[in-house]
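*Asks:* This is the structure I want to talk about, given as structure tokens.
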Amino acid sequence: MKMHENSLFAVLLRSPWWISIGIALATAAASRFMLEKFSFPEFYAAFIALPFLVIGSVAGWKQLRAPSAKRIAGRLEALRALSWDDFSAAMEEAFRRDGYAVSRFKGAGADLELTRAGRVSLVACKRWKATRTGVEPLKELDAAKRASEAGESVYVVAGDITDNARNFAAQSNIRLLHDAELTEFLRTAGKKA
């Protein structure tokens with residue numbers, strides 16, 4: 001079951017942990033006040049605040065384990081220093097580790113074809129070194145996805161992505177694999193990444 005990205009709990013998971021804990025405390029205080037007014041046990045106030053406390057704890061744990069911006073920048077720089085052969089080998093290894101069968105895509109617009117449970121996904125990663133990615137490579141990936149009737153597509157980049165490209169990716173259901181997510185994805189995929 002996947003949480004909608006704009007749901008309250010999804011937003012709180014992406015926010016600093018202390019926001020959820022603050023909401024939990026405020027909810028508990030307000031609930032306690034209301035429960036006293038209607039002669040309910042105070043225990044219910046803690047129960048009402050519990051989801052926010054859990055979300056705050058999960059967010060705090062994730063944020064504690066997340067690499068720093070400096071570390072991410074260092075990893076991205078190391079990725080940009082890789083040759084295409086080394087980078088593509090690391091990508092293939094990472095996708096195989098995630099349970100995909102990986103092959104080279106034979107057409108234009110994508111580099112890898114992934115298969116898992118009968119679903120095909122295309123990955124474009126040859127321009128990972130680009131300092132700034134615009135909408136054109138994403139349009140090429142989308143065209144390749146439609147032509148091959150793939151279910152999903154992923155664009156990999158270690159640089160910046162323009163707002164137009166982000167909007168196009170969102171409209172075309174293209175997953176962007178970049179920044180911290182890219183470094184974490186490749187962290188254990190080979191010694192060079």
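The values are calculated or read from the model by the stated rules, or taken from the named source; none is laboratory data. What you see is a predicted model, and the numbers here were worked out from it, not measured in a lab. Here the Cβ positions follow ideal geometry from the backbone for every residue, glycine too, while neighbour counts run over all protein chains shown.
*Asks:* Please identify the pairs in which a residue from region 70-81 that is in contact (Cβ under 8 Å) with a residue 12 or more places away in the chain has its Cβ atom under 7 Å from the Cβ atom of a residue that is of a type outside the set (Asp, Glu) and part of a helix (DSSP H, G or I), counting only partners at least 6 apart or on another chain.
*Replies:* From residues that are in contact (Cβ under 8 Å) with a residue 12 or more places away in the chain, the pairs are Ile72/Ala180; Ile72/Thr183; Arg75/Thr183; Leu76/Thr183; Leu79/Phe87; Leu79/Leu186.
*Asks:* Hand me the list of helices (runs of 4 or more DSSP H) wholly inside region 1-109 holding 1 or more residues that are surrounded by 15 or more Cβ atoms within 10 Å (Cβ to Cβ), touching a Ser or Thr at 6+ places or on another chain (Cβ under 7 Å) and on the phi < 0 side of the Ramachandran plot.
*Replies:* Result: 8-14, 43-65, 69-81.
*Asks:* Continuing with this model, one more query. Scanning for something assigned by TED's automatic domain parsing to the domain that holds His178 and touching a Pro at 6+ places or on another chain (Cβ under 9 Å), does region 83-98 turn up at least one residue?
*Replies:* For region 83-98, residues assigned by TED's automatic domain parsing to the domain that holds His178 and touching a Pro at 6+ places or on another chain (Cβ under 9 Å): absent.
*Asks:* Just give me the residues in region 31-53 being of a type in the set (A, V, I, L, M) and over 28 Å from Gln63 (Cα atoms), in sequence order.
*Replies:* Met34, Leu35
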